[in-house]
1. Give the residue that is modelled with the lowest pLDDT, with candidates limited to residues of segment 349-366 that are surrounded by fewer than 23 Cβ atoms within 10 Å (Cβ to Cβ) and farther than 22 Å from residue 248 by Cβ.
2. Within segment 534-549, which residues are surrounded by 13 or more Cβ atoms within 10 Å (Cβ to Cβ) and touching a residue at least 24 places away in the same chain (Cβ under 8 Å)?
3. Looking at segment 95-129 only, could you name the residues that are part of a loop (DSSP other than H, G, I, E, B) and under 22 Å from the mean Cα position of the chain (by Cα)?
4. If I ask for residues that are crowded, with 18+ Cβ neighbours inside 10 Å and either out of contact with any helix residue (DSSP H, G or I) (no Cβ under 9 Å at 6 or more places or on another chain) or closer than 20 Å to residue 549 by Cα (or both), which ones from segment 510-533 would you list?
5. Determine if segment 207-219 includes at least one residue that is at pLDDT 85 or above and part of a helix (DSSP H, G or I).
6. Answer yes if at least one residue in segment 162-169 is free of Cβ contacts under 8 Å to residues at least 60 places away in the same chain and farther than 14 Å from residue 200 by Cα, and no otherwise.
7. Would you tally the residues in segment 353-381 being without any contact (Cβ under 8 Å) to a residue 24 or more places away in the chain, more than 20 Å from the chain's Cα centre (by Cα) and part of a strand (DSSP E or B)?
8. Right, residue 90: touching a residue at least 12 places away in the same chain (Cβ under 8 Å), over 15 Å from residue 194 (Cα atoms) and not assigned by TED's automatic domain parsing to the domain that holds residue 254 or not?
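The values are calculated or read from the model by the stated rules, or taken from the named source; none is laboratory data. For clarity, every value in this text was computed on a predicted model and none was experimentally measured. All Cβ positions, glycine included, derive from the backbone under ideal geometry; neighbour counts span all protein chains shown.
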C-alpha cells in the first residue's frame, strides 16, 4: 500500500499518534486481556495498557505547548501517573525513554523517531529487574532496531513506521518460541500485542489510514484463533499448585517523593531498589523527579509499604493474593468441567440492578458476595480504585443498572464520577465503612428498582456503628490525644476514641465505647494480623459484659485492620 511521503512529524501529527494509540488499545483491550497466561493469569493486560495509554493521551491533550518535546514529556507523565500493572508500567517506561530522546525537539524527522524508539527500548529494559525475552521488551527492541536501520535508508517517516510495524509483528509472532508457556497454550505475549497496536496506530496516522470510527485490530482472525486456543488450553494454567508460588503477594505502590509526614530519607534509586530486591522477585522500580512506582512479588507487602513511606507519601497501594487468584483459576476450571458434564446448573442470570462493592480481604469479599453483591472491587483504605475501575465493574456486570457501595469516604468522588460514565443508571450508596456496606446489603432486593434499592440501602447505613482497630504509623497529637508510633487505635465512625499499647485492651475498650441500651448484636471481622482465637476472646468479653448481646465472628482476611467491629 502506498501513501504520500512525510519527512516531518509536527505537534499535530504527534498528538494524533498518541490519541490514536489510546483509541486502538481501548478498542482491543478485551482481546489483549484474553491472552494473559502466566504465572497467575491477571487477565487485565489490555485493560492496564488501555487505561495507562488513556492517561498519557489525556495529559497530552491538556498540554498547551506546541513543541513535540513538551508534548512527549506530558504523555510520559500521564502514563506514569496512570500506569497499572506490569504492562502499564513498562509502557510508561517506553514513553519515558521516547520523551527523553526528543526533549529538545520542536518537530521530529525519521532519524529523530528512530532515536526515540531506541532510547525507549533501552529505558524499558533498564526498568525491569530481570528482563525476559518473549515479552513486550522483545517487541520494542526489535522495533527500535528496525527503526534505526530504516532511518539510514530513508527520510520518510511513513516508510520507517511501516517497517517498524512489520518488525514488531514479526517479533510478536516469535514470542512463543522464546517463552515456553506461551507456546504451551498457543498464544503470543499479551503486552507485546498491546505494543504492536500502539505502533500500528502510529503508522496509520502518519499514512493517513487511521479512522477511529472503523477501528479493527489487524489480523483479528488470527488473534481470535489464539484466544480460542487459550481457552482450549486453560487446563495448563490450572495445573499450577498455589502452594508452589514462592512469593504470594503482587504488591504495587506509588510514592510522592519527599512528601507527607513519614519520609526521612532522600531518594536514592539504587538504595531504594536494592532493599526491595531482597523482598521478592518480578521487581519494577520506575521514577521521575516527583513519583516512584513499584511492582514486586513478595511475601511481605507490609515491608514494601513501610519502605515507601520512608521516602515520601503513599498515594496508591494495590496488593493481590496470587495464591488465591490461582486457586480461583483451578476452581473455575473445575466448575466449567462440571458444567460441561451436566453436573451443575448454569450460572444464574445477571440481576437487573447489580451491586458493585469495594472491599479489601478475601473473607470480606466473600461476605459481600453471600449477601448478593455481584462484583467486589479489591480496594479500600490505601488502595482506592479509580473511577475507571468502578465503571469497568459496572459495565462488565452486564446489568441494566447498578448500585455502588464505596465502603470508604475516600472513594466517594470516584464512585460519583462513575454515574456519568457507566452508560447505565447508577446510584451511589455512601457507605463509609465495610460494616455499613454489609448492613446496607440487608436492604438489597435483586428484583427491586434502582431507586427503591438505593433508598432502602441508604436508610440502613445509620443502623450500625462501625469501628476499626489499627496501628499508628507516626507520632502525633490529635484532638487532645498524644499518639505514639505503634500505638493501637480504636476508631469509631471516623473518630479516634481509644488509644493504647495493647491490641486486645484497645479492642475491648472500643466495643465498650460503642455499646448503649439499644445495642443488640456485636460482630467482629478479624483480619490478616489477628487470629480466630483473638476474635473469640473478644466475644467472650462481650458475653461477660452483657449476656443478652448476640455475637458473630467472621474471618475477613483484610489487611491493616486486625479487627473490624460493628454494633447494631
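1. 349
2. Result: 534, 535, 537, 538, 541, 542, 545, 549.
3. 127, 129
4. Result: 510, 511, 514, 522, 523, 524, 525, 526, 528.
5. Taking every residue of segment 207-219 in turn, at least one turns out to be at pLDDT 85 or above and part of a helix (DSSP H, G or I).
6. Scanning segment 162-169, I find no residue that is free of Cβ contacts under 8 Å to residues at least 60 places away in the same chain and farther than 14 Å from residue 200 by Cα, so the answer is no.
7. Residues in segment 353-381 being without any contact (Cβ under 8 Å) to a residue 24 or more places away in the chain, more than 20 Å from the chain's Cα centre (by Cα) and part of a strand (DSSP E or B): 0 in total.
8. no
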